[in-house]
Amino acid sequence: MRDLDLHALFLFNVTDTMAQPWADAGITCWCVDLQHPKGERREGNIIRVGADVLRYTPPMRRYVFGFAFPPCTDLAVSGARWFAGKGLYALADAITLFARAAEVMEALDAPYGIENPVSTISSYWRKPDYSFDPCDYAGYPGGEGDTYTKKTCLWTGGGFIMPTPRRLDPSDGSRMHLLPPSSERANLRSATPAGFARAAFEANYARALRAAA
C-alpha cells in the first residue's frame, strides 16, 4: 500500500476521527483546518494543515477519498430563529465555505462526502443524498459511545458508498443538545462519530484499492 503513495483529504477537520482508519491502512491523510497550527505537521500518516480552506490548494497527489465538514452554525435549521439577527454576510460566508468544500471534493476524482446537519443547503443547492444518526453506526468498532441521535446529512459524489448500518439503541438520546456552553462546544457538537468513520472506511476502502490498481 505504501508503494502506491495514496492520499485522502479531510477539510474543516479538527479531529483525526474520520481520517484515522485510512491512516491506519497506510493512506496519507491531509487534515486541513484553521484551528491547527499554521503550516504542516506530520504524525505518522496524518498531516495536519493549519490553513484557510478558502485559500488552500491541495497538493497534487493521488487521492482515493475525501470528506469535508464545513461550519454549520449559520446554516443549520435548528438555529433558524437566529438567522435574521446574524445578517446576510453570515449566511453568505457559510454558503461560500460549503461551496468551496464541494469544489475541492469534486476535483479529487475520488469518493467523497460533505457533512452538515439538516440545513438550508437543501434549499440553496440540493437535497442531501443520505442522512443518519450516530447510533445507526454505533455497532462498528469504536462506535460504542455513539448511542445518541443527531440527524446528520451527507452530500456525496465520486462513487461514495453509504455504509450498511449497525444500529444500537440510542440510550443517550439527543445528548448534543445538552452540552453546556464552552469554547469547545462547537467542536464537540460537530465531532465525527467514530462508528460512522469506521463504517465509511470499510464501505469505501476496497473501491479505493481497485481504483489505485
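The values are calculated or read from the model by the stated rules, or taken from the named source; none is laboratory data. The shown structure was predicted, so the numbers you read here are calculated from the model rather than taken from an experiment. Note that we place each Cβ from the backbone using ideal geometry, even for glycine, and neighbour counts take in every protein chain shown.
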**Report entry** Residue among TRP82, TRP22, TRP30 that alone is in a helix (DSSP H, G or I), at pLDDT 95 or above and of a type in the set (Phe, Trp, Tyr)
**Finding:** TRP22
Report summary line: Within the stretch 106-123, the residues that are at pLDDT 90 or above and touching a Ser or Thr at 6+ places or on another chain (Cβ under 9 Å) are PRO111, TYR112, GLY113, ILE114, GLU115
Query raised in the report: So which residues in the stretch 47-67 are outside any loop (DSSP other than H, G, I, E, B) and touching a residue at least 12 places away in the same chain (Cβ under 8 Å)?
Result: ILE47, ARG48, VAL49, GLY50, VAL53, LEU54, ARG62, TYR63, VAL64, PHE65, GLY66, PHE67
Query raised in the report: Within the stretch 169-213, which residues are of a type in the set (Asp, Glu) and at pLDDT 50 or above?
Result: ASP169, ASP172, GLU202
Query - Unmet requirement for ASP74, which otherwise passes all of (1) modelled with pLDDT of 75 or more; (2) in contact with an Asp or Glu (Cβ under 9 Å, 6 or more places away or on another chain); (3) more than 23 Å from ALA200 (Cβ to Cβ) - result: (1)
Requested in this report: With the condition kept exactly as written, say whether any residue in the stretch 127-149 is at negative phi, charged (D, E, K, R) and modelled with pLDDT under 90.
Outcome: no
Report task. State the number of residues belonging to the stretch 137-162 that are within 13 Å of ALA194 (Cα to Cα) and assigned to a loop (DSSP other than H, G, I, E, B). Result -> 8
Query raised in the report: Within the stretch 140-171, how many residues are surrounded by 14 or more Cβ atoms within 10 Å (Cβ to Cβ), small (Gly, Ala, Ser) and within 18 Å of THR17 (Cα to Cα)?
Result: 2
Query raised in the report: Hey, among the residues in the stretch 108-133 that are acidic (Asp, Glu) and closer than 7 Å to LEU154 by Cα, which one's surrounded by the fewest Cβ atoms within 10 Å (Cβ to Cβ)?
Result: ASP129
Query - Count - residues of the stretch 120-136 that are touching a residue at least 60 places away in the same chain (Cβ under 8 Å) and assigned to a helix (DSSP H, G or I) - result: 2
